[in-house]
Structure formats: structure tokens, C-alpha cells
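Asker: Take this structure first; my questions come after.
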Amino acid sequence: MEQTLAQTLEIRDLHVRVEGKEILKGVTLTVRPGETHALMGPNGSGKSTLSYTLMGHPKYEIVGGEVLLNGESLLALSPDERARRGLFLAMQYPVSVPGVTLYTFLRAAASAMRGYGEAARRSGDQRLHAHLIPAREFRQEVNAEIGKLKMDQAFLNRYLNEGFSGGEKKRAEILQMALLKPRIAILDETDSGLDIDALRIVSEGVNRLQAELGMGLLVITHYQRLLNYIRPEHVHIFYNGRVVHSAGPELVEKLEAQGYDWVQAEFGV
Amino acid sequence: MSKPANQHVNGNGLNGNGGAAKAEMLTLEANTAAVEALSDYYAEPAWMRAARRDAWAHYERMDWPHTKEEAWRRLPLARYPLENRQIAVAPNPLQALRSLPACWLSPLAPQPQVSGIVVHQNGAVAYQDIEAQAAKQGIVVMDLHAALHTHGDLIRRYWMQGTITRPDFNKFTALNAALWHGGTFVYVPEGARALRPLQAMVGYDDQGSTGLHHTLVVVEKGARLTLIQDRRSLEFLPELNSEMVEIYAEEGAWVRYVSLQHWGEQRHSVSVQNARVARDAHLLWVNVALGGQMTKDFLRTDLLAPGAHGVMQGLTFAAKEQVMDQSTYQLHQAPDTYSDLLFRNVLRDQAKTVFYGMIRVEPGAQGTQGYQANNNLLLGKARAHAIPGLEIAANDVRCSHGATVSRLDEEQLFYLQARGIARYDAEQLLVQGFLRPIIERVPLACMRDGLDEEIAQRFRESPAQTQ
Ligand SMILES: Nc1ncnc2c1ncn2[C@@H]1O[C@H](COP(=O)(O)OP(=O)(O)OP(=O)(O)O)[C@@H](O)[C@H]1O
Ligand SMILES: [Mg+2]
């Protein structure tokens with residue numbers, strides 16, 4: 001519906017305040033279709049603040065700058081509108097929603113993304129399931145995706161993220177991504193909590209989707225191991241609320257070896 | 001459930017249980033003469049006539065409850081249509097069947113989902129049926145008036161033996177005890193069990209007048225029962241309802257009572273419901289309250305002997321100017337008894353809910369576990385009052401109670417929205433999720449779907465809440 005094919009995400013000199021305190025201090029970054037960008041930086045430097053801001057979390061107050069998707073500003077849009085334009089955020093800390101099963105949630109989300117809700121509203125169809133993808137059709141699709149991620153189907157009947165282990169939550173995030181087929185995906189520490197096999201399975205899933213969809217990727221991580229699977233062309237160092245240095249994949253190894261101490265000295269931040 | 005409905009529907013004398021032929025309609029003033037007239041009309045045994053007279057004496061002596069009494073403090077009783085009560089006995093069988101929700105017609109479907117059904121309309125039975133497998137075991141689900149002729153001694157033994165299902169509990173129970181008409185009788189003899197749930201429907205249309213339905217459920221030793229009882233009405237003027245439900249679960253019995261309330265917008269209702277649970281018996285009581293202008297429910301489980309087990313789960317969705325007031329009581333009278341209560345309310349617009357919850361542990365009821373939780377989800381300007389209470393007179397017990405009042409969670413909404421779900425739809429999902437733990441206790445997928453749909457509709461009747 002609102003999704004077009006490939007999308008470019010452009011962040012220009014973005015300044016953001018949280019509860020009165022400036023956390024993002026001029027972020028500039030562009031992610032083009034099919035590109036993979038890694039964003040690495042110390043704890044508390046503002047990486048998750050950036051990802052939530054991009055997705056439109058109401059808590060973050062934008063005090064300057066711009067965020068564009070294919071040249072159109074996202075800043076006035078609600079999170080669901082951003083999602084429907086093709087933006088996806090795999091969250092560092094996925095929220096649990098008791099009472100709503102993973103299956104119910106996935107069906108509602110996929111239906112919204114594919115315009116079923118709009119169609120039902122337009123035709124005035126008030127029935128409970130009118131705004132949803134037909135059950136049988138969706139069940140098949142979910143089963144296929146859940147199989148590829150080697151997740152147990154029993155998760156579908158559990159409440160969303162409720163009691164999921166850390167790694168299970170991260171897998172469920174990628175399951176959502178697979179079903180919602182975004183154009184730009186931000187993965188905020190998706191690797192944390194994943195065991196060695198899961199890391200490989202999840203990474204393969206991400207790579208497959210990227211190949212299928214020409215998706216642009218912004219991968220936030222602390223560790224090289226994820227980037228051995230999801231290979232970035234661009235690596236950015238995020239420090240004290242902004243990108244202070246960008247380079248190629250060789251930067252990952254330098255960070256892995258030396259940490260962040262040199263960043264301060266070299267870039268004077 | 002083999003025959004189509006219309007072979008059973010003939011207005012009165014259903015299945016040969018009705019006794020003498022009756023007038024098509026009966027309309028009475030609610031007064032002392034009505035006591036006699038009802039007993040005559042139904043050719044009741046002498047003990048029931050005496051019980052009605054006795055109850056009427058209570059009724060005349062007692063005052064309407066006053067808002068100074070704690071249980072009535074938050075209910076604007078003055079707005080109840082208390083005076084000039086009318087009694088009508090006017091079944092309209094065909095219409096009653098037509099107005100059944102789709103799911104209820106399942107006994108007529110090729111694959112029955114229930115084992116027995118009784119339908120009351122305007123204070124009289126309109127339809128009843130039970131499948132052979134259940135009937136052979138002596139299981140009945142039938143009109144209480146007719147049952148006085150077939151199961152009179154049994155009914156007499158149990159009649160109003162509850163702690164609060166007594167004529168003198170309050171003015172409303174006295175009124176019901178004196179003038180009840182229309183009644184559901186469910187009996188499961190020792191060791192018996194139907195294959196599927198039993199269903200009972202109580203309906204009134206604008207001909208129906210004051211609702212004075214009485215439900216008596218007896219489940220004998222080791223027997224099992226699931227009963228789904230629904231209430232619906234359509235009235236154009238304010239109308240009063242005073243209802244009683246008595247449930248007796250004997251030793252080792254297993255009882256699931258699913259109580260649905262869909263009263264019309266003008267109905268003011270007081271219900272007094274009491275389950276008495278014997279040794280090693282299990283009760284699961286699901287209470288879904290959606291309708292009525294103002295409702296007051298007294299819902300009480302008495303755990304009478306060791307091993308008695310009572311789970312009470314309730315949901316309400318109160319909208320507009322609705323006032324829904326519930327007093328629950330979990331009595332632990334014996335050692336090693338267990339109770340767990342979870343009541344959840346969703347409120348929107350100007351609605352108001354009141355929850356008084358009490359767990360009482362008698363001296364000597366050691367080894368007891370009693371839990372109680374009341375959670376309220378506020379949308380709009382609604383108000384939820386929660387007054388949980390504990391009275392514990394034993395020392396070796398595990399009890400807890402808690403009440404919460406909250407609004408929709410912004411982090412959860414963000415998460416759902418971030419997946420493309422519009423704000424309003426995300427709110428609806430959260431509301432449905434909030435009530436899910438109770439809905440899950442309802443048997444039959446079609447019932448659960450029906451409730452989900454109703455909740456969704458009630459939600460959608462209002463504009464976005466928190467945008
Ligand atoms: N609601 C808030 N109130 C106050 N400070 C906040 C709030 N949210 C975030 N912050 C602060 O903003 C800073 C950036 O946090 P953020 O979560 O974006 O860091 P991060 O780079 O993702 O760190 P990590 O690597 O540990 O995930 C931190 O100092 C954090 O404490
Ligand atoms: Mg973070």
C-alpha cells in the first residue's frame with residue numbers, strides 16, 4: 001500500500017532531547033537501498049535513542065534536524081505510519097504484551113501493513129475479522145517463516161514476548177521483520193541474547209530478506225561476531241550523541257581490538 | 001438434540017412437564033395477591049406456597065437498602081425503578097428462539113455443541129431440550145416451575161440454603177423469593193456428566209416487566225457440570241431485575257458456571273448468587289457482565305469442607321453512564337480450602353465500576369489459600385473504585401489481595417504501532433488482551449469469538465481514547 005520499493009533513509013543533523021536532556025547532538029547518516037551500515041558506540045552514547053526517534057516514539061523531543069524517507073520527512077508521522085512506509089525497528093528491549101498472543105499480534109500487524117484495515121474501513125465491513133488477512137492464508141505464511149527461523153510453533157499461542165527468554169524475544173523480532181517486509185530495518189542489538197546457532201539462523205534470515213527486498217540495514221551492535229554474518233559496507237562510530245567517524249568494515253576490527261578510548265583522543269569528543 | 005426445535009415449541013406444557021394447561025398470559029401487580037396467584041398458576045406444592053408467603057412477609061417488613069449501608073454506598077439506588085412492580089408471564093417461544101445468538105442455536109446444528117438447553121422468555125419457559133445421553137443419566141436442565149413437579153423433594157432440600165440466597169438477605173432477595181417466576185433448574189445426579197455444556201437463556205422483551213428469575217443448580221457427589229447461562233433484554237422504559245442463583249457442588253463434584261449478562265440499556269439489576277462447595281469439590285465461576293444501566297451483583301463462594309476449591313473470574317466492560325457494582329465474597333469455612341479470584345473491568349466514557357472483594361478465613365480453617373485480584377483499565381473519564389478486604393481468623397494461611405487501576409501502557413502502544421498497527425487498533429488489541437485471561441476460561445470457541453467481537457464492538461463505539 002504505502003510502501004514503495006527501495007527506500008533511502010536520510011538523517012540530517014538530528015538533535016533530540018529526552019526529559020529535558022539533549023541526548024542526540026547532530027546525527028547525520030544516510031542508508032541507501034541494499035546497503036548495510038553498522039553503528040557501534042559505547043553504552044549510553046545514544047544509539048537506542050536514535051532508533052526510537054527514527055521510529056517515532058513519543059517520548060523523544062526533536063529539537064533540530066530532519067529525517068527523510070525517500071525525500072519525505074518522517075517527523076510528523078506516527079509510528080504506525082512510519083512502519084507502513086517501510087521502516088522497521090527490531091528493538092533492543094522488546095516489550096511484552098500480556099493477553100495478546102504472538103499469532104494475534106502478527107496477524108494484526110501484517111494485515112495493517114498490507115492494507116486490510118483500510119479496505120475494511122472503506123467498505124464499512126464491521127465484522128471482527130474483516131480487517132484481517134484470512135486465517136488459513138496467514139497461518140500458512142507464518143508457519144513457513146517460523147520454520148525458517150527454527151522457532152517452535154508453540155510460541156504463536158503464547159502472549160507476545162511474555163516470559164520469552166532474551167534470545168527468544170530477538171528471534172521473534174526477526175520473525176516480525178520477515179512477515180512485515182520492511183524497506184529499511186534498524187536492528188538494535190539484535191545479537192545480544194542469541195546463542196551461537198541462533199545468531200547464525202537469525203543473520204541468515206536477515207541476509208535473505210535483504211536479498212529479497214533490497215532492504216537498507218542499520219545494524220547497532222557491540223560485537224564483531226554479528227558482523228561476521230551480516231557484513232556491513234559502512235561502519236560508523238557513535239559517540240556522545242552523534243556519528244564521529246565512518247569507514248569501511250576494517251573499522252570493526254580496530255574497535256574490537258582497541259575499544260573506544262582512542263576515539264576521544266582522535267576526534268576530540 | 002435430534003429433533004428440530006419447532007417440534008418442541010408449543011407455548012406451554014413443554015415436554016409434558018408443565019402440569020395443567022395454563023392461560024397464555026398472566027399479568028399481575030406485585031402484591032400479596034400475586035403470591036397466591038403465582039402459586040395457583042403453577043399448581044405449586046404447599047411448601048413452596050408457604051415459602052413464598054413467608055418471603056413476602058419479609059419483603060413487607062424490610063426497607064429498601066440505604067446508601068448508608070456499605071454495600072450500597074456507591075450505587076444511586078434512588079434511580080432504580082423500585083415502585084409499581086409488574087409481573088408478566090408471557091412467553092413468545094418462536095420469537096425467543098429467533099433472538100438467540102447464533103452460537104446458541106448449535107443444538108439444532110448437525111454437530112451439537114451442547115448437551116441440553118432451556119430458554120426462558122418473559123418469565124416463562126419457551127423451549128427446552130436435552131440429549132438422550134444426558135437424560136438417561138438423570139441429568140436435567142429445565143424450567144424450575146415444571147421441576148417442582150418432577151424433582152420437588154430435591155428442590156425443597158436445597159431451596160435457599162445459601163448464606164446470602166435467603167429471603168431475608170435484603171429486600172431484593174425477599175422480592176425474588178416471594179414472586180419468582182421463570183426459573184432454571186439444573187440437576188446432575190451422583191457420578192453423572194453430560195458430554196457437553198448445558199445452556200440456559202433468560203430473556204425479556206418490552207412485554208416482560210420485572211425480572212424475577214431464580215436459578216437452582218445441584219451437582220451431586222462426583223458429578224460434573226458446565227453450565228452457560230446468558231441474560232438478554234430489550235426494554236423501552238427503565239425496568240427492574242432481581243435475580244437469584246444458587247449453586248450446590250456436593251462432595252467431589254466439578255462445576256463450571258459461566259454467567260453472561262447482556263441486559264438492555266434500561267435494566268436496573270440486583271443479583272444475589274451463592275455457590276456452596278463441599279469437600280473436594282471444584283468450582284470454576286466465570287462472570288461476564290456487559291449490560292444493564294445499573295447493576296449490583298453479590299457473588300459469593302462458600303468453601304465448606306476440606307479440599308473445596310473455588311476459582312472466580314470476572315470481566316465487565318462498562319460504557320457511557322453505566323454503573324456496575326460487584327461485591328464478591330470468598331468464605332473459607334474449613335481447613336485446606338483454596339480460592340482464587342480475578343476480576344477485571346474495562347471502563348470508558350462516564351462509566352463507573354465498584355468492586356468490593358472480601359476473603360474471610362474462619363477460625364480453624366488452617367492451611368487455607370485465598371487470593372484475590374481486581375484490575376481496572378480506564379479509558380476516558382471513567383471511575384473505578386476498588387475496595388479489597390481480608391478477614392483472617394486463622395494463622396496458617398496464605399492469602400493475598402490486590403487492586404490496580406491503570407490506563408493503557410504507552411510502551412505497549414508504541415510497540416504495536418511500530419509494527420504498523422494504527423493507534424486505535426492497537427488500543428483495541430490491548431483492551432482485548434487485558435480481558436483475555438477471563439475470556440480464555442469460557443468454553444466453546446464460538447462463545448469466546450462472540451465475546452471478543454462484543455468487546456471489540458463496545459470499544460469501537462467510542463473515539464480514540466488516548467490520542
Ligand atoms: N527517559 C530517559 N530519561 C533520562 N535519560 C534517558 C532516558 N532515556 C535515555 N536516557 C539516557 O540517554 C542516554 C542514551 O541512552 P541510549 O539507550 O540511547 O544509549 P545506547 O547507546 O543505546 O546504550 P547501550 O549500548 O547501553 O544500549 C543514556 O545516558 C540514558 O541514560
Ligand atoms: Mg541501546
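Asker: Out of A:Asn143, A:Asn157, report the one residue that is over 30 Å from A:Glu256 (Cα atoms), more than 16 Å from ligand 1 (Cβ to nearest atom) and open to solvent by 60 Å² or more (accessible area, probe 1.4 Å).
Answerer: A:Asn157
Asker: Going through the range A:79-110 one residue at a time, which ones are more than 16 Å from ligand 2 (Cβ to nearest atom), under 13 Å from A:Gln176 (Cβ atoms) and of a type in the set (Gly, Ala, Ser)?
Answerer: Residues satisfying the conditions are A:Ala83, A:Ala108, A:Ala109, A:Ala110.
Asker: Name the single residue, out of those in the range A:141-191 being under 14 Å from the mean Cα position of the chain (by Cα) and more than 14 Å from chain B (Cβ to nearest Cβ), that is farthest from ligand 2 (Cβ to nearest atom).
Answerer: A:Arg171
Asker: Return the residue satisfying two criteria in turn: it lies in the range A:82-134 and is among the charged types (D, E, K, R) and under 15 Å from the mean Cα position of the chain (by Cα), and of such residues it is farthest from the other protein chains (Cβ to nearest Cβ).
Answerer: Within the range A:82-134, the match that is farthest from the other protein chains (Cβ to nearest Cβ) is A:Arg85.
Asker: In contact (Cβ under 8 Å) with a residue 12 or more places away in the chain, open to solvent by 30 Å² or more (accessible area, probe 1.4 Å), touching a Leu at 6+ places or on another chain (Cβ under 7 Å) and more than 30 Å from A:Arg183 (Cα to Cα), is that true of B:His401?
Answerer: Considered against the rule, which asks whether it is in contact (Cβ under 8 Å) with a residue 12 or more places away in the chain, open to solvent by 30 Å² or more (accessible area, probe 1.4 Å), touching a Leu at 6+ places or on another chain (Cβ under 7 Å) and more than 30 Å from A:Arg183 (Cα to Cα), B:His401 comes out as yes.
Asker: Answer yes or no: is there a residue in the range A:17-28 that is at pLDDT 95 or above and either more than 13 Å from ligand 1 (Cβ to nearest atom) or touching a Cys at 6+ places or on another chain (Cβ under 6 Å) (or both).
Answerer: Yes: one or more hits.
Asker: Find the residue count for the range A:171-209, including only residues that are within 21 Å of A:Gly86 (Cα to Cα) and either open to solvent by less than 30 Å² (accessible area, probe 1.4 Å) or among the hydroxyl-bearing types (Ser, Thr, Tyr) (or both).
Answerer: 22
Every residue, every condition in (1) open to solvent by 50 Å² or more (accessible area, probe 1.4 Å); (2) in contact with a helix residue (DSSP H, G or I) (Cβ under 7 Å, 6 or more places away or on another chain); (3) on the phi > 0 side of the Ramachandran plot; (4) at pLDDT below 95, yes or no:
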{"site": "B:Asp325", "(1), (2), (3), (4)": "no, no, no, no"}
{"site": "B:Leu331", "(1), (2), (3), (4)": "no, no, no, no"}
{"site": "B:Leu341", "(1), (2), (3), (4)": "no, no, no, no"}
{"site": "B:Lys352", "(1), (2), (3), (4)": "no, no, no, no"}
{"site": "B:Gln417", "(1), (2), (3), (4)": "no, yes, no, no"}
{"site": "B:Ile421", "(1), (2), (3), (4)": "no, yes, no, no"}
{"site": "B:Asp425", "(1), (2), (3), (4)": "no, yes, no, yes"}
{"site": "B:Pro443", "(1), (2), (3), (4)": "no, no, no, yes"}
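Asker: Filtering the range A:226-247 down to residues that are farther than 21 Å from A:Leu50 by Cβ and exposed (fewer than 15 other Cβ atoms within 10 Å of the Cβ), which residue is farthest from the chain's Cα centre (by Cα)?
Answerer: The selected residue is A:Asn228.
Asker: Would you pick out the residues in the range B:162-172 that are outside any helix (DSSP H, G or I) and touching a strand residue (DSSP E or B) at 6+ places or on another chain (Cβ under 7 Å)?
Answerer: Answer for the range B:162-172, where residues must be outside any helix (DSSP H, G or I) and touching a strand residue (DSSP E or B) at 6+ places or on another chain (Cβ under 7 Å): B:Gly162, B:Thr163, B:Ile164, B:Thr165, B:Phe169.
Asker: Shifting gears a bit: In the set B:Glu265, B:Glu251, which member is modelled with pLDDT under 95 and either on the phi > 0 side of the Ramachandran plot or in a loop (DSSP other than H, G, I, E, B) (or both)?
Answerer: From the options B:Glu265, B:Glu251, the qualifying one is B:Glu265.
Asker: Test B:Ala373 against the stated conditions and say whether it is open to solvent by 10 Å² or more (accessible area, probe 1.4 Å), among the aliphatic types (A, V, I, L, M) and under 25 Å from the mean Cα position of the chain (by Cα).
Answerer: yes
Asker: Residues in the range B:177-200 that are aliphatic (A, V, I, L, M) and open to solvent by 10 Å² or more (accessible area, probe 1.4 Å): how many?
Answerer: 2
Asker: Please identify the pairs in which a residue from the range A:252-269 that is outside any helix (DSSP H, G or I) has its Cβ atom under 9 Å from the Cβ atom of a residue that is open to solvent by 70 Å² or more (accessible area, probe 1.4 Å), counting only partners at least 6 apart or on another chain.
Answerer: Listed pairs, sorted by first residue: A:Val269/A:Asn240; A:Val269/A:Arg242.
Asker: For the subset of the range A:43-71 comprising residues that are surrounded by 16 or more Cβ atoms within 10 Å (Cβ to Cβ), near ligand 1 (Cβ under 9 Å from one of its atoms) and over 16 Å from the mean Cα position of the chain (by Cα), which member is farthest from the other protein chains (Cβ to nearest Cβ)?
Answerer: Going through the qualifying residues, I end up with A:Ser45.
Asker: Six or more apart or on different chains, Cβ under 6 Å: which pairs go from a residue in the range B:413-428 that's at the interface with chain A (Cβ under 7 Å from one of its Cβ atoms) to one that's assigned to a loop (DSSP other than H, G, I, E, B) and surrounded by fewer than 23 Cβ atoms within 10 Å (Cβ to Cβ)? Could you list them?
Answerer: Once the first residue is at the interface with chain A (Cβ under 7 Å from one of its Cβ atoms) and sits in the range B:413-428, its partners that are assigned to a loop (DSSP other than H, G, I, E, B) and surrounded by fewer than 23 Cβ atoms within 10 Å (Cβ to Cβ) give B:Phe414/A:His57; B:Tyr415/A:Val95; B:Arg423/B:Gln467.
Asker: Let me ask something additional. Can you name the condition, by its number, that B:Leu227 falls short on among (1) buried (at least 21 other Cβ atoms within 10 Å of the Cβ); (2) out of contact with any Pro (no Cβ under 9 Å at 6 or more places or on another chain); (3) at pLDDT 95 or above?
Answerer: Result: B:Leu227 fails condition (2) only.
Asker: Yes or no: B:Pro443 in contact with a Lys or Arg (Cβ under 8 Å, 6 or more places away or on another chain) and facing another protein chain (nearest Cβ under 10 Å)?
Answerer: Answer is no for this residue.
Asker: Being in a helix (DSSP H, G or I) and under 24 Å from B:Arg196 (Cα atoms) is the filter here, so list the residues in the range B:138-153 that pass it.
Answerer: Result: B:Leu144, B:Ala146, B:Ala147, B:Thr150.
Asker: Which residues, taken from the range A:184-197, are at pLDDT 95 or above and away from ligand 1 (no atom under 16 Å from the Cβ)?
Answerer: Selection gives A:Ile184, A:Ala185.
The values are calculated or read from the model by the stated rules, or taken from the named source; none is laboratory data. None of these values were measured; they are calculated from a predicted model. Note that we place each Cβ from the backbone using ideal geometry, even for glycine, and neighbour counts take in every protein chain shown. Note: areas computed on protein heavy atoms with side chains; ligands, DNA, RNA excluded. Shrake-Rupley method; radii C 1.70, N 1.55, O 1.52, S 1.80 Å.
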